[in-house]
Amino acid sequence: MSGELTIFYQAPDLIDPVLVIALDGWVDAGYGMRNAAEIMAPDDQVDLVASFDADLLVDHRARRPTMTVRDGLVDEISWPTISIQVVRDLDQQEFLMLHGPEPDFRWQAFCTSVDDLVKQLGVARIVSIGAYPAAVPHTRPVRLSATGTSPDLIERFGSPQGTLEVPAGISAALAKRFEAAGLETVSVWAQVPHYASGSPYPAATASLFQGLLAVTGLRFDPAPLIAQGLEVSRRLDAMIAQNAGHQRLLGRLESAYDASVGEQDAQIPTGDELAEELERFLRDQDESK
């Protein structure tokens, strides 16, 4: 099945496959989702199922293609691609992955195209992953939270309490379309410290892999991410140790985190003061190098 937005290549022989959604371009604190997608779908280990016309979906002036120049000559141009692929976990378990930049245009048409493919491929469960900045300390394990259309899946991680109105990503629009078709969907989110959200935060990716394991049974090796996360944590420790005010503010976040363990309704402070001061401090450190 091919359409205006879609080129269909092959129907993989999968039974009730999982679809993991990892579309880049909205909130992705600490590059948690982007790094997970790169690990899950290495370029040489995927089978292409379908692709979407990026010329109709992506603003190339906002997200320009990459040009490779060799000895002054333009060797190649790499264009943004949005695709559904068959990928495999550590146990060679196959699943589907929707990967690429979040569309800039034609969201409704894109959702219709993905929904049609999901029905054709017999997808049984959809999981999207992401990471957002939160008032949490780097000295504690990364928390996961969830949103979606399946209360049973959401309860495994907890979810934001009360009513929230926030900008929606394309994964939310897809989730509502899947819900109408009676499919289980859940979005798993890693909470990244405000002050560390602008640079790679490997612990967030490791936590997302734990979430995928809990929901889907898919396994990925967290060991390298844990080692990288420890190095990031040590670097933050060293920077914060140089300022007593930063230490006090970090302590407040640690106390709030510890008090809220096991209490979904606990109100955690915004952490804006800590975020602003530490972001300024880390920026000063970079400028002094």
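The values are calculated or read from the model by the stated rules, or taken from the named source; none is laboratory data. Owing to the predicted nature of the structure, the values given are computational and were not obtained by experimental measurement. All Cβ positions, even for glycine, are placed from backbone atoms using ideal geometry, and neighbour counts span all protein chains on display.
Some values worked out for this structure:
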| quantity | calculated |
| --- | --- |
| Total residues in the range 172-222, condition among the basic types (Lys, Arg) and more than 26 Å from Pro151 (Cβ to Cβ) | 0 |
| Filter pass, Ala227 being touching a Cys at 6+ places or on another chain (Cβ under 6 Å), surrounded by fewer than 19 Cβ atoms within 10 Å (Cβ to Cβ) and either among the aliphatic types (A, V, I, L, M) or modelled with pLDDT of 90 or more (or both) | no |
| Out of Val114, Val136, Val142, sole residue that is in a helix (DSSP H, G or I), surrounded by 15 or more Cβ atoms within 10 Å (Cβ to Cβ) and in contact (Cβ under 8 Å) with a residue 40 or more places away in the chain | Val114 |
| Tabulated pairs, the range 177-201, first touching a residue at least 40 places away in the same chain (Cβ under 8 Å), second among the acidic types (Asp, Glu), C-beta under 8 angstrom, 6+ apart or interchain | Arg177/Asp115; Phe178/Asp115; Ala181/Asp115; Thr185/Glu179; His194/Asp272; His194/Glu279; Tyr195/Glu279; Gly198/Glu279 |
| Pairs with Cβ under 6 Å, 6+ apart, first in the range 232-257 and more than 24 Å from Tyr31 (Cα to Cα), second outside any helix (DSSP H, G or I) and of a type outside the set (Ser, Thr, Tyr) | Ala256/Ile268; Ala256/Pro269 |
| Qualifying residues in the range 34-70 (those that are in a strand (DSSP E or B) and surrounded by 12 or more Cβ atoms within 10 Å (Cβ to Cβ)) - the one modelled with the lowest pLDDT | Asp47 |
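Let's see how each residue does on (1) assigned to a loop (DSSP other than H, G, I, E, B); (2) surrounded by fewer than 24 Cβ atoms within 10 Å (Cβ to Cβ); (3) acidic (Asp, Glu):
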| position | (1), (2), (3) |
| --- | --- |
| Val186 | no, no, no |
| Ala204 | no, no, no |
| Ser207 | no, no, no |
| Leu212 | no, yes, no |
| Arg219 | yes, yes, no |
